[in-house]
């Protein structure tokens, strides 16, 4: 997939509502909880952050194994979970598979969790 | 706890960094993955959204059992998980326990997941 440098969309407004505004319905909660489950493992969370922060916005699987003290098959499993949760996209190019984060999915979660304004002084 | 209506702090800037800016360290990933694990259950996610969206920013446990087809002890267990993950605060007042979301925690997760700008056209 070629990377497009187009104007940034207002993804947050387009995709979702903060939970401070209205309670989640059952279907949304089921879908979103699956995405959060993918983030509930520390290795997966670090993998996602490595992909998200990688130069150019995508990372080769060859960039993602070094920092971890787990086997290559374990890394591959975690990447599959992230992909199946809709948090990353991937594409094989030659020898390697490349991964990038899917911003609409991340923004949906980010917007959902925006904190309430009127209780912002509570910690 | 009395509710304070003070100016909103720039919580996002104060608490955390988007994962698009830098990869997570091991300690942060471990802590954050525990918070995401608390969000990985659909009933807990709906409970959190009911608390977050409740009038006045807090909800009595008596407001939180009606919408669910699960037992009161199960609701209490889920609320305990949310509290132990640092996502909600609670206080007993007379007969009932009241819950409110902890905005610094929510904002930390929300900011972490802010989507990358340069890949915003990817879905």
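What the table shows:
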quantity: Pseudo-label separations to other copies for residue B:92 - Cα-to-Cβ vector, 7 Å, nm; calculated: 6.0
quantity: Ratio of the Cα radius of gyration of the stretch A:23-78 to 2.2 N^0.38 Å, where N counts its residues; calculated: 1.37
quantity: Shape box of the stretch A:13-123 [Cα atoms, principal axes, largest first, Å]; calculated: 50, 29, 25
quantity: Averaged over A:20-33, number of beta-carbon atoms from partner chains that fall within 10 Å; calculated: 6
quantity: Nm distances between copies for residue A:66, ranked from closest, using label points 7 Å along Cα→Cβ; calculated: 5.7
quantity: Shortest-first distances to equivalent copies, position residue B:25, nm, label 7 Å out along Cβ; calculated: 4.3
quantity: Residue mean of other protein chain beta carbons inside 10 Å, B:52-60; calculated: 4
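Only the coordinates and a few stated rules stand behind these numbers; no lab work does. Nothing here was measured: the structure is a model prediction, and the numbers come from that model. Note: ideal-geometry Cβ built from the backbone for every residue, glycine included; neighbour counts use all protein chains shown.
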